[in-house]
Structure formats: structure tokens, C-alpha cells
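Data first, discussion second: the structure below is written as C-alpha cells.
Just so you know, all these numbers are worked out from the coordinates, no wet-lab data involved. Here the structure is a predicted model, which means the values were calculated and not measured. Ideal geometry is used to build each Cβ from the backbone, glycine not excepted, and the neighbour counts take in all protein chains shown.
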């Protein structure tokens, strides 16, 4: 019998987790544990890049095969781990939408120095992106180990026009620069608390 991969769920927390998300997270972990060995790491910090870097350090010290980055405002389907693994990709994210109108997909393609939202393709179970949110992202250990050769992995970038390039986009930039592709699963639809709570499509 083939050994199940070990999953490390990495969750940054700022203050409190919304109750609906906490209940969903507990149920998600319990359901996932029925199929996969899973550890869970929480880091409470007001600065998200610091929290993610601490979580990655925990992951690297573990024997886990995959890091599952999850944000505390997400609602995850119980079969997310199995389905994401089923794509056979080293980096694959659930598909979800921004919390604010017009509730666009967080999946983006690069257009010059800017990023634009990717309209969901109609064919296939996954599509490639240049960047996406880390609300529910599965990353194989080899990717984290390669990126960890230059620390810190997670940073933010303040631009001259006062905009900020988030740590999730910078992380995706580093993944692409390291020679890996980023995929978004159309089969794993995550809810985003405060915006689209439940997926618009089955």
C-alpha cells in the first residue's frame, strides 16, 4: 500500500478566528486526518510575513511532505487535501474570490509589471496562474526548501505610488523564478469569509 503524504497545515492568525471559520477549520482537520497524517501550526502575529516565515521554519523542522497554507478567514471543503494532491502539481491553490466587490478571482496573470485577474477558463480541472492568494495553497517540500536558501521567504514591497505588493504575490514571484509553475484548482472551491462565503459554482 502506498504511503500517504504527510501534510503540515500552516495557519497565520491575527487576533481571533471568525467563529464560522473556526468551526469549519476544526471539521476540515478532523476530516483530513481520516485520510492523511497532518500536523497543524498556528502563529499569532500582527505582521503576516513574520507569521508565515515562522510557520515555514516549523514546516522545515517537521517531516511533512507538503505545506498547506491556510488563512484564518477561509472556509474549506472537507476533501480539499485529497483533491489538491490529485492534480499532481508541486504548487496548487484552491480557487476563491476576493472579499470585496466585484468579488473577482484571486488568481492573476502578469501583464508587464502589473497583475490582472484571470477569467476562469471553461476547460480542464486546473489552470495556470502567475500569482494567487494563499488562502488555501498546497506546496511540495522541495519548493519550500529551494526558496528557503534565501531567507526571508516572505516579505512585502512598498512601491513609490504608495501601493503595497503583498507577501503572497512576492512568494508566487519567487516560485516562478525558481522554475516552478503555479496552478489553480477548479475542483476545490473555497469560501472567503466577509465576501463570497460559499462558492458561486459547485
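General observations
- The chain shape via C-alpha gyration tensor axes, a/c threshold 1.5: rounded
- An oblate overall shape is assigned to the stretch 105-188, the ratio a/c of its alpha-carbon gyration tensor axes (a ≥ b ≥ c) being 1.5 or greater and a/b not exceeding b/c.
- Among 36, 22, the ranking by other beta carbons within 10 Å of each residue's beta carbon, starting with the fewest, stands as 22, 36.
- Ranked by the mean number of other Cβ atoms within 10 Å per residue, highest first, peptides 118-124, 39-45 order as 39-45, 118-124.
- Considering helices alone, the calculated mean residue ellipticity of the chain at 222 nm is -8000 deg cm²/dmol, with DSSP H runs of length four and up weighted by -39500 (n - 2.57) and normalised per residue.
- Two-site FRET efficiency, residue 3 against residue 98, from Cβ-Cβ distance with R₀ of 35 Å, rounded to 0.05: 0.40
- Each of 96, 47 was scored by other Cβ atoms within 10 Å of its Cβ. Arranged with the fewest first, they read 47, 96.
- Length-normalised contact order of the chain in % [C-alpha pairs under 8 Å, at least 6 apart]: 26
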